[in-house]
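Just below is one structure, and these are the notes that go with it.
The values are calculated or read from the model by the stated rules, or taken from the named source; none is laboratory data. Bear in mind the structure is a predicted one, so any value in this text is a computation, not a measurement. Note: ideal-geometry Cβ built from the backbone for every residue, glycine included; neighbour counts use all protein chains shown. Accessible surface is based on the protein model in full, side chains and every heavy atom, while ligands, DNA and RNA are left aside. Shrake-Rupley method; radii C 1.70, N 1.55, O 1.52, S 1.80 Å.
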Amino acid sequence: PVLPPRWAFGYLGSTMHYTEAPDAQEQLKQFVALCAQHDIPCDMFHLSSGYTTDDAGRRCVFTWNRRRIPDPAAMIATFRAAGMHVAPNLKPYLLTVHPLYHDLAAQGGLIRDASGSRPETSLFWSGGIGETAPGSYVDFTSRAGYTWWQACIADALLDVGIDALWNDNNEFEVWDDQAQADGFGRPIPIGMARPLQTLLMGRASFEALAQRKPDERPFVLSRAGCPGIQRYALTWTGDNVSSWDTLRWNIPMGLGMGLSGLAHVGHDVGGFAGPKPDAELFVRWVQNGIFHPRFTIHSWNTDGSANEPWMYPEALSLVRETIRFRYRLIPYLYSLAVEAARHGHPIIRPLVYHFPDDPRCRTESFDFLLGASLLVASVLEPGATRRQIYLPQGADWYDYITGERFTGGQTVTLDVPLERIPLLVRAGGLIPLGKPM
């Protein structure tokens, strides 16, 4: 796996809410101000695709909606002055109304139909729920498409101060498997080339950043990918739903991805879609999210609200302290990232990874290890005040809060009021911590 920049382990802010607003630039500026007002550290913001809409609301990659964001460079400068990077959303397709569509088609940079005579067109999500528009995918197996992509990143984004990229909607949903990709001069059907397209999109974005700033590690986030994508990009588990079930089942999703080579994985904390989480669910989700390699709060709530650290004033102090603890853990997280880059070990690990001889660990999907030394037992049910935790045999364990020592191979019950994260440390484990923010 790639070794991302150290700042990638901080809190990474996000919500679709801001860029969909008519005054997006002011909304984004307000996010920076609110982080300062509420004393919330933040290292990056995900710029959702609303910044690319035209006057009809259609999303045209590598364009700026100047009504919503009149001065992109000034907007980026506002974030950078607060110590935040910005990762804009990139979609690998051009709507037919895109101002550069016909130029790229003429260069042979779009996936073509089965006859090879014209671009393959599909319907793409363009605006609100159910709104679609025709367009075509960029063909990353063509020199024209690959170099065009990198040139647009440089001209439209890097030149205004962008230094991170977010590859989204890149599953290459071409419905005709016989549509043609260039295949580096030997046309191949898209039915064989979908994974390759996503991989090369990640590589093209990674290289564009590396070429502009060769002394800095690139940050690329990708929604999709085949084996190999971990060399270029981080990922997450997609558009999840706000619920206790999602909080629970995202955990084994992330563990499975780590075992499959994708060390840098996370989830949309609070849930991306659906009703906004209540205060208890939101706090418990943040308490779980800080132990994942990628820690991002993201949302598109049905009531128009945004999941933000300060969304519940009565819970703000708990959320703030939890995020601060995440920052104290960065030396440990970063050491695990170096280990992943050198040896391929996942950062979050199922218990069986280190305790394969313990039968109880072979079926545990929800309690997990951060590295070899921290056992995270998230609270996954509403109203819980007590939590049973199985401690793997073969090691002794310490309660992180109280220091109480337990022998492995038993189930212990801990008090888990809302302000407490059930966390145990393996005896002999070394947890390097940073200074409090």
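A few notes on this one:
- In the set (1) among the small types (Gly, Ala, Ser); (2) open to solvent by 10 Å² or more (accessible area, probe 1.4 Å); (3) within 20 Å of Arg6 (Cβ to Cβ), the condition left unmet by Ala233 is number (2).
- Boolean, Val265 is open to solvent by 10 Å² or more (accessible area, probe 1.4 Å) and in contact with a strand residue (DSSP E or B) (Cβ under 6 Å, 6 or more places away or on another chain): no
- Residue-level check: of (1) part of a loop (DSSP other than H, G, I, E, B); (2) of a type in the set (Asp, Glu); (3) touching a strand residue (DSSP E or B) at 6+ places or on another chain (Cβ under 7 Å), Glu216 misses just (3).
- Residue in segment 280-290 that is part of a loop (DSSP other than H, G, I, E, B) and either closer than 16 Å to Ser14 by Cβ or at pLDDT 95 or above (or both) present: yes
- Just so you know, in segment 165-223 the residues that are at positive phi and under 21 Å from the mean Cα position of the chain (by Cα) include one that is most open to solvent (accessible area, probe 1.4 Å), and it is Asn169.
- Filter pass, Trp285 being touching a strand residue (DSSP E or B) at 6+ places or on another chain (Cβ under 7 Å) and open to solvent by 10 Å² or more (accessible area, probe 1.4 Å): no
- Considering only residues in segment 100-115 that are within 21 Å of Ile188 (Cβ to Cβ) and of a type outside the set (A, V, I, L, M, F, W, C), the one that is most open to solvent (accessible area, probe 1.4 Å) turns out to be Gln107.
- Residue list for segment 79-97, filter: closer than 28 Å to Thr121 by Cβ, out of contact with any Lys or Arg (no Cβ under 8 Å at 6 or more places or on another chain) and surrounded by fewer than 20 Cβ atoms within 10 Å (Cβ to Cβ): Thr96
- For segment 44-60, the count of residues that are farther than 26 Å from Val97 by Cβ and of a type outside the set (Val, Ile, Thr) is nonzero.
- Any hit, segment 385-399, residues being crowded, with 17+ Cβ neighbours inside 10 Å, under 26 Å from the mean Cα position of the chain (by Cα), in contact (Cβ under 8 Å) with a residue 12 or more places away in the chain and over 17 Å from Phe325 (Cβ atoms): no
- Scanning segment 226-248 for residues that are of a type in the set (Gly, Ala, Ser) and either more than 13 Å from the chain's Cα centre (by Cα) or in a helix (DSSP H, G or I) (or both) yields Gly228, Ser242, Ser243.
- Flag for Ala8 being of a type outside the set (Phe, Trp, Tyr), modelled with pLDDT of 95 or more, under 27 Å from Lys435 (Cα atoms) and open to solvent by 50 Å² or more (accessible area, probe 1.4 Å): no
- Residue in segment 56-78 that is at pLDDT below 95, surrounded by fewer than 17 Cβ atoms within 10 Å (Cβ to Cβ) and assigned to a loop (DSSP other than H, G, I, E, B) present: yes
- The one condition in (1) open to solvent by 20 Å² or more (accessible area, probe 1.4 Å); (2) among the aromatic types (Phe, Trp, Tyr); (3) over 22 Å from the mean Cα position of the chain (by Cα) that Trp125 fails to fulfil: (3)
- Qualifying position, being over 22 Å from Phe219 (Cα atoms), touching a helix residue (DSSP H, G or I) at 6+ places or on another chain (Cβ under 6 Å), open to solvent by 30 Å² or more (accessible area, probe 1.4 Å) and part of a helix (DSSP H, G or I), among Gln25, Gln30: Gln25
- Residue satisfying all of: in segment 402-416; part of a strand (DSSP E or B) and buried (at least 17 other Cβ atoms within 10 Å of the Cβ); farthest from the chain's Cα centre (by Cα) among these: Phe406
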